[in-house]
Every structure is written in C-alpha cells, then in structure tokens.
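A quick write-up on the structure given underneath.
The values are calculated or read from the model by the stated rules, or taken from the named source; none is laboratory data. All of these numbers come straight from a predicted model, not from anything done at the bench. When we count neighbours, we look across all protein chains shown, and the Cβ atoms used for this are built from the backbone with ideal geometry, even at glycine. The protein model used for the area step is the full one, side chains on, heavy atoms only, and it has no ligands, DNA or RNA in it. Shrake-Rupley method; radii C 1.70, N 1.55, O 1.52, S 1.80 Å.
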Amino acid sequence: MSREAGDTLSTGRRAFLRRAASVGGALLAAGVPCRSAHARPVATGGSQERLGVLVDIVRCIGCRRCEAACNVANGLPAPPVDFEDKTVLETNRRTDPQTYTVVNRFASGDPLAQPVYVKFQCMHCEEPACAAACPVAALQKTPRGAVVYDADLCIGCRYCMIACPFYVPTFEYSNAFDPKIQKCYMCDHRLSRGEIPGCVAECPVGALSFGTRHDLLNLAKERIRHNPERYIDHVYGEHEAGGTSWLYISGVPFHQVNLPTDLGNRPYLDYTQSFLSLVPIVLVGWPALLGSFYFMSGQDRTGAPRNPHSTEAGSDQR
C-alpha cells in the first residue's frame, strides 16, 4: 500500500471516529434515560405493611368468578370462552394481554379426591425484577404494594419479560400501533380509592383474602397451624424470590400446581445488576455506531462528499 493511500485511509478512520464520538455525545447530551445498575426500585416503607392477597388453594372451587371480576374491573375485552364455560379448565393456561388472571385445574394426586384449582396472576414481588430490569422506570412498586406500569415511559424493550421469574408480563404483539406490556396491577386504581381488588371482592368462598402482608402471613400460618391435615407447612411467597405480595397456602406441594419451587429466597433483581450495567451501551453505544455508519455512507474514503452522478462513480461501476 502506498503512503498516499495509507494517509487517505487514516484520514477516513479519524473522520469516522470523530463522527461516532459526535453522535454518541449528542445522545448522552439528549439525556437518554438509563437507570443505574444499582438502583433498587422498591417502595419506601416496611414491606410487611404493604397490601397483598392470600390465595387459599384448599378453598378454591374453580368457579372463575375472579376472572370475570378482573375483566370488569380492568375493562378487558370479553374472552373467547364464556366465564361460565368450565371446558377451559381442561387446558393449563397462562395470562396474556387480555387476561390478567387465570384459574387452572390440577389433579390432587389422590384418585378419590377432588381436583385442585389455582388462581394465577402477577405476584407483585417485594423487590420486583421486572422493575429493576426496566431502563426507563416504566414499572414501579407502589407504597400500596402493587407493581404498576406507565405506558408513556415504556420503550418496548421487553426486558421485564425476560427478568420476571414467574413469566408474567406479556406484550401486545397484536397491537401494531401502540403495543403495551400487560399484567395484573392488583387493581391499584381501586386501592387508591380505598377499595379492594375486584377478584377478591367477588370470590364466593373466601379463597382470596386481602390485607397487609403482615396480617396475611399471620392468617396463613394460623390456618396451617389449626388445620395441619389440610395444609402443607409452607406459605408460598413469604420468601420465594425475596418475597411477594401475593401469598399462597395449599394442601398439595406447590410444584404440583405449577408454582416454581426453585427460585431461592434471594430477590431476583440482584441477578439483574450485571445486565443493567450494559443498558447504557445498548441505548447509547449502538445508536452512536449506527449513526456513524449513516454519516459515513455519504462520504468517500477521502472524506469528500460522494456525487453519485460524477464521472468517477460511473467509471467505478464500469
């Protein structure tokens, strides 16, 4: 390679790096919203005083009235199968953008015993991994206990879906123009008015109990203590994944009703710290690099603007 050609390439490289730095600096100056990797998005106040719900699996009869009440309370569209139709219980379902809670049916393990019914929804973790993974604070744990979502802040990255140990947040892939993350919000709009969640209000058998986490833990342990033949000696959610605002007691092992039992007691947001440290690179570094490619596409190797109609361009094509 000649010295002249080497100088030309060196000049082009310097121009590229200058433009990359300019684009990156512009993005930083614009204030690209990035959460610190060490932020812990947990509401102030003692976790025991925040609100939650105790789900008593032993009492649940699978009537699905909680599903219907959730639908009404949150203005969700009518389901494809009516709430009175119990054939849906033949399939194990998960929540989706139009369904914030589901009731599933499981075999009890005893051929002579009745099946077991379990309501499932967002667990509203005490230290939510979804909120920790969100780089723009679109998900937050409120002082009342609910993990809520601000669609105006959401950038659609879906990191929350990856971070959640319960695989709860869902994305509106069918909404091409204004997709949102959807999940149960524990009827926080009702809580703010001093009301209880819609599902709890409509449960006819007392399978859902609403109150402070402290009181619910006491209630759960009291039921277990007074009825050891009916309940296993464990309150699900007291410690799992650092603790949750929705708690469960059951007469069958929790893994038997699809509640994960391998989560450990450490808050899952602790596992997101190294991941979050890369967020500024993703949001700033890549746009800077791609922006530089864009600018460079209008330059030739000497740094001069390229004219697609010039004689040189035509000779190159030949």
Legend entry - Solvent accessible area, Å² - GLU126, 1.4 Å probe, full protein context: 10 Å²
Legend entry - Mean Cβ count within 10 Å, highest first, over the residues of peptides 219-232, 129-142: 129-142, 219-232
Inset, instruction - Using per-residue counts of other Cβ atoms within 10 Å, averaged over each peptide, order 182-189, 80-87, 146-153, 55-62 from highest down. - result: 182-189, 55-62, 146-153, 80-87
Inset, instruction - Name the long-range amide H neighbours of LEU247: under 5 Å, sequence gap of 5 or more, or other chain; modelled H, no Pro or chain starts. - result: VAL53, LEU54, VAL55
Legend entry - Protection-proxy order for peptides 107-115, 199-207, 164-172, each taking the mean of Cβ atoms within 10 Å per residue, highest first: 164-172, 199-207, 107-115
Inset, instruction - Given a cut-off of 29 Å, name the pairs among LYS180/LYS221; LYS141/LYS221; LYS86/LYS221 whose C-alpha atoms lie farther apart than that in the structure shown. - result: LYS180/LYS221; LYS86/LYS221
Inset, instruction - Convert each backbone phi in segment 135-140 into a coupling constant with the Karplus relation 6.51 cos²θ - 1.76 cosθ + 1.60 (shift: θ = phi - 60°), then list the ³J(HN,Hα) values in order as whole Hz, x for Gly and Pro. - result: x, 10, 6, 6, 10, 9
Inset, instruction - Quick one: Debye curve from the alpha-carbon atoms of segment 53-113 only, equal weights, vacuum; give me log10 I(q)/I(0) at q = 0.17, 0.20 Å⁻¹ to two decimals. - result: -0.63, -0.84
Inset, instruction - Could you go through segment 75-81 in sequence order and give the Karplus-derived ³J(HN,Hα) for each residue, using 6.51 cos²θ - 1.76 cosθ + 1.60 with θ = phi - 60°, rounded to whole Hz, and x for Gly and Pro? - result: x, 7, x, 4, x, x, 10
Inset, instruction - Tabulate in residue order the Karplus-calculated ³J(HN,Hα) for segment 142-154, using 6.51 cos²θ - 1.76 cosθ + 1.60 with θ = phi - 60°, rounded to whole Hz; enter x for Gly and Pro. - result: 7, x, 6, x, 6, 9, 10, 9, 10, 5, 5, 8, 4
